[in-house]
Amino acid sequence: MAVVVPRATATDATAPLNRRHLAALFIAVPAIISALPATALIPDDDDEELIEKARANRRAKLANEKKTEREFARSEGFSDKALEKNLIPVQRAINALARTGAALESGDASAAASALADGWQSDFEAATKTLSDNDLSRGSVSSVIASIQTLESNARKGSLGDAKSSFVASVVALQGWAKDAGIAQSLKGL
């Protein structure tokens, strides 16, 4: 015996079915949303890595702006009194290194040591730290100071060969730092 199932008309089946689907949807959506993994928004103040990255980007932008302003002022004939004040100890260091190089070339290590012991180094260190306004120059200033200290130590020992090689290293480090700081064109004899 065959069972005959009456066919439902389109109007009979869709109306209750749509309401049922809609009711189930309203019940299921909160359950589905709560079952998803939670992704919390971390405020920027709590993300140390993001904060440090933003600070580094800001420092780089400020250094570029400062360099651009300095170049523009120089091209227009204006002078920066603060820059000139900080360049004086650096220029003294260059002059002392020139006297040191001349003494080493003539073979006089004691004269080279006395040229380095004129008391300019503390002012030079302060000026270089002030003029180092970007990450690159801040990184290279320590090598300049260390190489000058090594040069002075070798000259005091009277080791002419070591003093000459440390002199070359000091000059190269100073030139690199001046280029990194963007002041190489403002210095004479470098």
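What the table below lists for this structure:
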read-out: Scope the range 129-165; condition among the polar types (S, T, N, Q) and within 10 Å of residue 180 (Cβ to Cβ); matching residues; value: 132, 134, 137, 140
read-out: Matching residues, the range 134-180, being surrounded by 16 or more Cβ atoms within 10 Å (Cβ to Cβ) and not in a helix (DSSP H, G or I); value: 134
read-out: Index of the failed condition, residue 158 passing every other in (1) on the phi > 0 side of the Ramachandran plot; (2) under 19 Å from the mean Cα position of the chain (by Cα); value: (2)
read-out: Filter result (surrounded by fewer than 16 Cβ atoms within 10 Å (Cβ to Cβ), part of a helix (DSSP H, G or I) and touching a residue at least 12 places away in the same chain (Cβ under 8 Å)) within the range 112-129; value: 123, 126, 129
read-out: Positions within the range 28-62 being at pLDDT below 80 and in a helix (DSSP H, G or I), in sequence order; value: 28, 29, 30, 31, 32, 33, 34, 35, 44, 45, 46
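The values are calculated or read from the model by the stated rules, or taken from the named source; none is laboratory data. Because the structure is predicted, anything quoted here is derived from the model rather than measured. For neighbour counting, all protein chains shown are included, and Cβ atoms are generated from backbone atoms with ideal geometry for every residue, glycine included.
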